[in-house]
1. Using only the alpha-carbon atoms, what does region 98-176 span along each of its principal axes? Please give whole angstrom values in decreasing order.
2. Using a simple spin-label model with points 7 Å from Cα along the Cα→Cβ vector, what separation in nm is obtained for Lys82 and Ser96?
3. About its Cα centre, how strong a charge dipole does region 2-236 have in debye, to the nearest 20, once Lys and Arg get +1 and Asp and Glu get -1 at the Cβ?
4. Short version: what are the Cα gyration tensor semi-axes of the chain, square root of 5 times each eigenvalue, largest first, in whole Å?
5. I want to verify the translational diffusion coefficient of region 15-81 in µm²/s; compute it with Stokes-Einstein, Rh as the Kirkwood radius over Cα pairs, at 4 °C and 1.567 mPa s.
6. Using amide H atoms built in the peptide plane, which far-off residues or other-chain residues are under 5 Å from Leu6 H to H?
7. Would you count, across region 2-236, every pair of lysines whose alpha carbons are under 16 angstrom apart, provided the pair is eight or more residues apart or spans two chains?
8. Calculate the radius of gyration of the Cα atoms of region 106-239 to one decimal place, then report Dmax, the largest Cα-Cα distance, as a whole number, both in Å.
Amino acid sequence: MRLERLGGLQVRLTGGTDGQGGGEGPVVVLLHGFGAPGDDLVPLWQALDAPQGTRFVFPEGPLALSMGFGQSRAWWMLDLDKLNRDLAAGRPRDASRETPKGLAEARNQVTALLDDVTRRLGADPKRTLLGGFSQGAMLSCDVALRTARPLAGLVLLSGTLLAKEEWVPLMPKRKGLRVLQSHGSKDPLLPLFLAEQLRDYLTQAGLAVQWVGFRGGHEIPDAVLAKLGPFLRETLAPR
């Protein structure tokens, strides 16, 4: 693994021909969730049966969190007081009609990152896959919908529906894009029904969604990894 700065963000590069992102293989960009350290998803590259030579890029969210979070990062801030009140009261967290403050800035940073992945790493955009977990999944979906850049596929791990009035009209322009979406039936943070709504909207717009439901919480279990490997091989194969 090596550290690099792409698009103004610190990233960790793994895989490739040397374990440090070398070579000319396809690229997988994975964004961590809220409150996770920048290296949270790095172990995934060794757990996935990706095509030989695949390079992995793990960006670190631009916001450093305090209040006992240690080295944790975020892509935009959350109202933690409200989140804790909702969890304590058993109210489902529904942000489907919200456009979070800071989302546009995060989208611009990830777009700049993808530009650098193409320019500096020599990656073919059509063999570059974008995805993430939780907040990283939401941001990945936002980038895919609001930009016209080519993508090999999109991976949404335990994400949710945001900015519904803005996202849904944009979805048809991504018709045919391959998507792997996973969600736990017992997720206490992001309710299943909203993930299912996102899946249904994407499917109705013509995106090729592979749904991976599992009995579990806010996590990436082995059952998801078992589906994610073949998905990477299919979407990143030379055309």
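FYI, it's all coordinate maths here, none of it is from the lab. The structure presented is a predicted model; accordingly, all values stated were derived computationally and were not measured. For neighbour counting, all protein chains shown are included, and Cβ atoms are generated from backbone atoms with ideal geometry for every residue, glycine included.
1. Here the spans come out as 36, 27, 21 Å, largest first.
2. Distance between label points: 1.7 nm.
3. So the magnitude is around 420 debye.
4. Values for the chain, descending: 26, 20, 17 Å.
5. Here the translational diffusion coefficient equals 99 µm²/s.
6. Under 5 Å from the amide H of Leu6 lie the amide H atoms of Val11, each far enough along the sequence or on another chain.
7. Lysine pair count for region 2-236: 5.
8. Looking at region 106-239, its Cα Rg and Dmax stand at 14.2, 41 Å.
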